[in-house]
Amino acid sequence: MNWQKEMSKFKGELLIETANIKPMCIKIGLFGEIGSGKSTSAAITAIALADEKSPIGFIDGEASRGPIAVDLACELAANYYGKPKDSFKSRFKFIHIGPPFHPLRVVAAGNLLVESGCSVIIYDILTQAWDSAGGYLDLKEEKIDEMTGGREELRDRYLQAAAAHVKPFTHTKLVHHVEQLGVNAVLVFQAKRKWNPTTKKLSDYDTPIQESGITRTAIAVGRVYAKDENGFAQGGFCQFVGVPGCTKYTHPALLKLLPNDEQLSFKHIEAVKKWVQNPNFDVAQEKPASTPQVQPESPVMNDEKKQLMAKLWKMCANIRGPEKNWLKVEEFLVKNKITDKKVVNLTVEELKVVIDKTDIILNEN
């Protein structure tokens, strides 16, 4: 191969463009525990993102439960936009996938929906393609068994080699598919709990089950959860600011438009769509009107909370010693049965109680 000739050919295919954000690059990630309202929130997002009257794709790995979420979202859309419910519902195109959840089946489904003209696709199957029957982890296990001949004592030796054989041709292909997708997308993940060695308890559902590349393709990733509202469980509350366990950087202007301890709405996503089409518009005027409420596990910060945290920090100077973090303080709080939560996750009222109890214990000593 004449590499210079090949390079010249590629050079002729390239274009120099200005730094304009492409309207069809909106990928929103949503994660939460089962029953939190992820699928309905995803359908709301997709309706707001989709071109008018264009098909909306839905890859369903939830045993065909997707249409239930879509039905509710379409009812909400009918009330919001003042159009018949069926004008939204009839636009959804479903592909239901059951086991085996091979990542390449998801890629094939996505390509099929793009070819059918969908302007946005909901991927409500990404967790299944990672850890459910026939997903990436199962494929890796099969390769380990093949390499070791079933000998358990050789397992650790072949873990990395098995992943190197399987991942580039399965999960990585799915990541690249989502990354290069020519339409908007909503990426849905289940959330997992992690063991907290300090509290000896499981943490809240605050991390996507698989964080291996796909969430990083989104322009924003938010946690979805349910809350008790007047005695009734309400789902679809979202938090994009300061999401624990999620390292996805999000443009500050986008964070101002997205919900923070509010139910995700069509207006939130419409504002995001406007920003992508014209990043110079006035973000402050487009922010959907709402009054954020701090939920018990929310790390949302305000001046009063900062002052209370500073007070607790000063009170516990002898406990934390030279440490510049809350670890020893939190161990003290757990040991004395004051709280097993991280300090940053305490509400203002909880912080006041913690400070009072800490003061009593410190004075006793």
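Each value in this text was obtained by applying a stated rule to the coordinates, not by laboratory testing. This structure is a prediction, so every number in the text was calculated from the model and none was measured. All Cβ positions, even for glycine, are placed from backbone atoms using ideal geometry, and neighbour counts span all protein chains on display.
Observations on the model:
- Cross-link partners for LYS143 among the lysines, with Cα-Cα distance under 28 Å and sequence neighbours closer than 8 places in the same chain left out: LYS167, LYS173, LYS192, LYS194.
- Once the Cα-Cα distance is subtracted from the 0.36 nm per residue extended length, the LYS328 to GLU75 segment shows a gain of 86.1 nm.
- Two-decimal log10 I(q)/I(0) for the range 303-364, as the Debye equation yields it once each C-alpha is a single scatterer, q = 0.18 Å⁻¹: -0.56
- Estimated FRET transfer efficiency when R0 is 35 angstrom, pair LYS5-GLU115 (beta carbons, to 0.05): 0.55
- Under the simplified labelling scheme, the ARG157-LYS311 pair shows an inter-label distance of 6.1 nm, with each label point 7 Å from Cα along Cα→Cβ.
- Cα gyration tensor category, rounded, prolate or oblate, for the range 1-116 with a/c compared to 1.5: prolate
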